[in-house]
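Colleague: Pasting in a structure now, in structure tokens, and then I'll have a few things to ask.
The values are calculated or read from the model by the stated rules, or taken from the named source; none is laboratory data. Bear in mind that the values here come from a model prediction, so they are computed numbers and not experimental data. Every residue, glycine among them, receives a Cβ derived from its backbone with ideal geometry; neighbour counts consider all protein chains shown.
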Amino acid sequence: MIYLIALAIIVLLAIVLIQIGRISDLSDRIKGEEVAELDNNTTQGKAMVAFMVAFLVFCIWSAWHYKNVMFGFGPLTSASEHGFELDWIFLITLIFTGIVFVITHILLFWYSYRYRKVKGSTAKFFAHDTKLEMIWTAIPAVVMTILVANGLVAWNRIFKPIGPDQNVLNIEATGYQFAWDIRYPCPDGKLGNKDYRNIIPGVNDLGLDWNDEAALDDIILAGSDK
């Protein structure tokens with residue numbers, strides 16, 4: 001019954017849209033094609049500005065609503081030593097790209113309204129603007145330099161060389177969508193070999209080489225086990 005009601009609603013909406021289109025065509029004939037086009041340009045421009053406001057409000061709200069989960073705030077903080085630094089780099093990247101995202105979308109929709117075709121308007125064409133090109137080349141270059149520099153510093157800090165006298169435990173993390181598989185070595189401290197050609201879903205998900213004795217005692221904590 002629900003599907004029939006939904007189908008009826010869709011059919012009715014289609015009929016309404018068809019009738020609106022016919023009314024619009026009739027209105028165009030009455031007012032004249034040029035006047036109708038100018039009125040339509042204004043209507044479409046205002047609709048795009050309204051959509052821009054709703055869209056950006058939704059984006060900002062969703063970013064704030066999911067900040068604890070996506071950006072490392074709140075109770076769901078990183079459990080690793082370097083996780084906070086990676087979260088910070090991600091946040092800085094998001095701030096830079098978010099500013100550009102908001103500005104470009106405001107300009108995109110505003111220009112669609114501001115420079116719509118109106119009576120008596122003429123288009124201006126220019127093939128080259130050195131100042132404008134310098135601006136939109138220099139700003140991304142500076143931002144990219146900052147992001148890359150911070151990333152390199154973090155990378156060198158996280159993956160710094162391990163001294164021969166340091167007591168470390170090598171573990172392996174295999175990431176996939178929404179989960180990780182973690183492999184730990186047993187008392188021998190060695191992780192066994194693996195090969196993607198050995199992967200058998202549900203049997204040997206990581207493709208371990210069972211001919212390698214070091215792989216026989218590895219402990220695997222699958223994503224579904226956490």
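Colleague: Can you list the strands (runs of 3 or more DSSP E) found entirely within region 145-226 that contain at least 3 residues being under 31 Å from the mean Cα position of the chain (by Cα)? Step through it out loud before you land on a result.
Modeller: Numbers: elements: 172-176, 179-184, 219-221.
Once the strands (runs of 3 or more DSSP E) in region 145-226 are filtered for at least 3 residues that are under 31 Å from the mean Cα position of the chain (by Cα), what remains is 172-176, 179-184.
Colleague: Next question. May I ask you to verify whether Trp110 is more than 21 Å from the chain's Cα centre (by Cα), assigned to a helix (DSSP H, G or I) and surrounded by 10 or more Cβ atoms within 10 Å (Cβ to Cβ)? Write out each step before concluding.
Modeller: Details: more than 21 Å from the chain's Cα centre (by Cα): yes; assigned to a helix (DSSP H, G or I): yes; surrounded by 10 or more Cβ atoms within 10 Å (Cβ to Cβ): yes.
Criteria met by Trp110.
Colleague: For Glu133, only one of the following conditions fails: (1) part of a helix (DSSP H, G or I); (2) closer than 30 Å to Phe178 by Cβ; (3) among the charged types (D, E, K, R). What is its number?
Modeller: Of everything listed in (1) part of a helix (DSSP H, G or I); (2) closer than 30 Å to Phe178 by Cβ; (3) among the charged types (D, E, K, R), Glu133 misses just condition (2).
Colleague: Could you tell me whether Ser78 is more than 26 Å from Pro140 (Cβ to Cβ) and either without any contact (Cβ under 8 Å) to a residue 24 or more places away in the chain or not acidic (Asp, Glu) (or both)?
Modeller: Numbers: more than 26 Å from Pro140 (Cβ to Cβ): yes; either without any contact (Cβ under 8 Å) to a residue 24 or more places away in the chain or not acidic (Asp, Glu) (or both): yes.
The answer is yes for Ser78.
Colleague: Since Phe101 meets every condition but one in (1) exposed (fewer than 13 other Cβ atoms within 10 Å of the Cβ); (2) modelled with pLDDT of 80 or more; (3) hydrophobic (A, V, I, L, M, F, W, C), which condition does it not meet?
Modeller: Failing condition for Phe101: (1).
Colleague: Give the residue that is farthest from Asn40 (Cα to Cα), with candidates limited to residues of region 110-149 that are of a type in the set (S, T, N, Q) and at pLDDT 90 or above.
Modeller: So in region 110-149, the residues of a type in the set (S, T, N, Q) come out as 112, 121-122, 130, 137, 145.
From what is left, the residues that are at pLDDT 90 or above are 137, 145.
Working: Thr137: 36, Thr145: 45 Å.
In this case the residue turns out to be Thr145.
Colleague: Here is a follow-up. Pull up region 188-206, narrow it to residues that are out of contact with any strand residue (DSSP E or B) (no Cβ under 8 Å at 6 or more places or on another chain) and in contact (Cβ under 8 Å) with a residue 24 or more places away in the chain, then point me to the one that is farthest from Ile171 (Cα to Cα).
Modeller: Step one: list which residues in region 188-206 are out of contact with any strand residue (DSSP E or B) (no Cβ under 8 Å at 6 or more places or on another chain), which gives 188-190, 195-197, 199-204.
Cutting the leftovers down to in contact (Cβ under 8 Å) with a residue 24 or more places away in the chain gives us 188, 190.
Numbers: Asp188: 13, Lys190: 9 Å.
Restricting to residues being out of contact with any strand residue (DSSP E or B) (no Cβ under 8 Å at 6 or more places or on another chain) and in contact (Cβ under 8 Å) with a residue 24 or more places away in the chain, the top hit is Asp188.
Colleague: Just to be sure before I move on: is Lys190 among the basic types (Lys, Arg), over 30 Å from Leu38 (Cα atoms) and either out of contact with any helix residue (DSSP H, G or I) (no Cβ under 7 Å at 6 or more places or on another chain) or surrounded by 12 or more Cβ atoms within 10 Å (Cβ to Cβ) (or both) in the structure I sent?
Modeller: On the way: among the basic types (Lys, Arg): yes; over 30 Å from Leu38 (Cα atoms): yes; either out of contact with any helix residue (DSSP H, G or I) (no Cβ under 7 Å at 6 or more places or on another chain) or surrounded by 12 or more Cβ atoms within 10 Å (Cβ to Cβ) (or both): yes.
For Lys190, the condition - among the basic types (Lys, Arg), over 30 Å from Leu38 (Cα atoms) and either out of contact with any helix residue (DSSP H, G or I) (no Cβ under 7 Å at 6 or more places or on another chain) or surrounded by 12 or more Cβ atoms within 10 Å (Cβ to Cβ) (or both) - is met.
Colleague: Given the structure, is Gly98 assigned to a helix (DSSP H, G or I) and either among the small types (Gly, Ala, Ser) or closer than 30 Å to Ala222 by Cβ (or both)?
Modeller: On the way: assigned to a helix (DSSP H, G or I): yes; either among the small types (Gly, Ala, Ser) or closer than 30 Å to Ala222 by Cβ (or both): yes.
Yes: the conditions hold for Gly98.
Colleague: Right, next: Conditions: (1) modelled with pLDDT of 85 or more; (2) touching a helix residue (DSSP H, G or I) at 6+ places or on another chain (Cβ under 9 Å); (3) not β-branched (Val, Ile, Thr). Asn198 meets all but one. Number of the miss?
Modeller: Of (1) modelled with pLDDT of 85 or more; (2) touching a helix residue (DSSP H, G or I) at 6+ places or on another chain (Cβ under 9 Å); (3) not β-branched (Val, Ile, Thr), only one is false for Asn198: (2).
Yes/no per residue for (1) under 28 Å from Ile146 (Cβ atoms); (2) of a type in the set (Val, Ile, Thr); (3) modelled with pLDDT of 80 or more; (4) under 21 Å from the mean Cα position of the chain (by Cα):
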position: Glu33; (1), (2), (3), (4): no, no, no, no
position: Leu56; (1), (2), (3), (4): yes, no, yes, yes
position: Cys59; (1), (2), (3), (4): yes, no, yes, yes
position: Ser62; (1), (2), (3), (4): yes, no, yes, yes
position: Thr77; (1), (2), (3), (4): yes, yes, no, yes
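Colleague: Let me ask something else. Inspect all residues belonging to region 154-162 and state whether any of them is in contact with a helix residue (DSSP H, G or I) (Cβ under 7 Å, 6 or more places away or on another chain) and assigned by TED's automatic domain parsing to the domain that holds Ile95. If you could, list the steps in order and put the result at the bottom.
Modeller: First pass over region 154-162, keeping only residues in contact with a helix residue (DSSP H, G or I) (Cβ under 7 Å, 6 or more places away or on another chain): 154.
From what's left, assigned by TED's automatic domain parsing to the domain that holds Ile95: 154.
Checked region 154-162: at least one residue is in contact with a helix residue (DSSP H, G or I) (Cβ under 7 Å, 6 or more places away or on another chain) and assigned by TED's automatic domain parsing to the domain that holds Ile95.
Colleague: Within region 163-192, count every residue that is farther than 24 Å from Ile89 by Cα and either out of contact with any Gly (no Cβ under 9 Å at 6 or more places or on another chain) or of a type in the set (Lys, Arg) (or both). If you could, list the steps in order and put the result at the bottom.
Modeller: Here is the first cut: in region 163-192, the ones farther than 24 Å from Ile89 by Cα are 163-171, 181-192.
Then drop every residue that is not either out of contact with any Gly (no Cβ under 9 Å at 6 or more places or on another chain) or of a type in the set (Lys, Arg) (or both), which leaves 163-168, 171, 183-184, 186-192.
Adding up the residues that qualify gives 16.
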